[in-house]
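Reviewing the structure listed below.
The values are calculated or read from the model by the stated rules, or taken from the named source; none is laboratory data. Keep in mind the model is a prediction, meaning the values are calculated, not measured. FYI the Cβ positions are ideal-geometry reconstructions off the backbone, even for glycines, and counts take in every protein chain you see. Please note that ligands, DNA and RNA were not included when accessible areas were found on the heavy atoms of the full protein model with its side chains. Shrake-Rupley method; radii C 1.70, N 1.55, O 1.52, S 1.80 Å.
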Amino acid sequence: MPPEIDPHMTPDSFFHTLCDKKSSGSLSGSPVLIYFISGNPGLISYYYPFFTHLIEKLRAWSSEDDACPRFHLYGHSLAGFEVSSSPSDYHTSHYHDLEDQIRFVQRKLDDCVNSVVASETSALNHANDETIRPRVILIGHSVGTYIAMELIRRHRERCSASASTSASTSLTSSFSSSADQNHPSFTLTSGILLFPTVVDIAKSPSGRKLTTLLSILPHLALIASLFARVLTTLLPAFLLRTVVRLAMGSPPSDAVDTTCRFLASKRGVRQALHMAASEMSTINSDEWADEVWGIASTPENEEGLTRLFFYYGRGDHWVAEETREEIIALRGGGNGSSSSNGRAKGGEGEGGSGPTMVVCEEGVPHAFCLRHSEVMAEKVAGMVREIVR
């Protein structure tokens, strides 16, 4: 494995391979791909401080534990939020709804898995017949948690369909290789869901306000985008930064820079509100099967389930208190913990399995990426360690 280099960061993407010096000469074991799915607005650069702290935590672990796996961290802005889009993208009239975003992230994840497999295969320098099957950990924030749950559901369906096809056909191995290229093989090990908006988002305090506002102003997305265009056109850069800083309560300069790029982008503001409207109409009742939640009906069915960690905020304006408590009671078996240390017992489904659910008591807000990146990186690193140990 080549020596570790600095993270690759652009306004629209983040990628980093974490290589421990002690294990750089050996590539035994499956690599771990940590794939991050942002909230709305879907600019990945809001999370760069979080990624930086998470890398530090994982690096510290790898330096003290020879069994620590190789990590690949990846994140990309959601569709329509890319600030480095080509000019031809500005003329499209299509804005992406939640279903579009799910398909977009699924394609990005597949591409990333293929890239990791190619990188690992190249680093092996031998035994090309050795199968590399990455372990994938999805980290979602806000609406990114809903996207993560849908990816888990669709991954299970895709794996089931592939298994059925393999069992019912005696076609040649070349056909199987082609299918594997279309749908890369990986193990969806776990999902870490931060401030999850997976059920009834319209019942949350902010969801109620947005729903009311959309009913009064059906063209809110267009109006807001025109206002942002006027604001960014008339105000000089330094004055725009001042306005943004005051409006956001003086966040770190990186967050101000990202917000200014978001407001100045050709499609970002309208895309954010178009997607928010889609969220209000789509994220309603829980329609996922127990297996998607990581709950097995019998102990024998626990194999192959994706392990889930839910980290809720107290007083989250995008998650109604009653909604959170209902999810903990129904899906976490009533064993949700108010512990703030990032760890709690999992739910007790009929088979003894289920997601781990924690309610934060440290006052970390929904938009943790603005001022609480380090504390959340510490918690997420702990969850990752528990997953792969």
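As a calculated quantity, the FRET efficiency between residue 229 and residue 6 at R0 = 45 Å, using C-beta atoms, amounts to about 0.80.
Compared with the direct C-alpha span, the chain from residue 254 to residue 322 gains 21.0 nm at full extension, assuming 0.36 nm per residue. Calculated on the alpha-carbon coordinates, the convex hull of region 248-325 measures out at 173 cubic angstrom per residue. Can you give the net charge of the other residues whose Cβ lies under 15 Å from the Cβ of residue 10, counting K and R as +1 and D and E as -1? Its environment carries a net charge of -3. For residue 139, the amide hydrogen comes within under 5 Å of the amide hydrogens of 35, 36, 37, 192, counting only partners 5 or more places away or on other chains and with H modelled in the peptide plane. Rg and Dmax, both from the Cα atoms of region 187-313 and both in Å, are 19.8, 64.
Highest-first packing order for the peptide set 276-284, 71-79, 210-218 is 71-79, 276-284, 210-218, based on the mean count of other beta carbon atoms within 10 Å.
If you plug the beta carbon distance of residue 281 and residue 203 into 1/(1 + (r/R0)^6) with R0 = 22 Å, you get a FRET efficiency near 0.95.
Size of region 241-286: Rg and Dmax of its alpha carbons, in Å, are 13.9, 42. At the residue level, residue 9 shows approximately 100 square angstrom of accessible surface with a 1.4 angstrom probe and all protein chains present.
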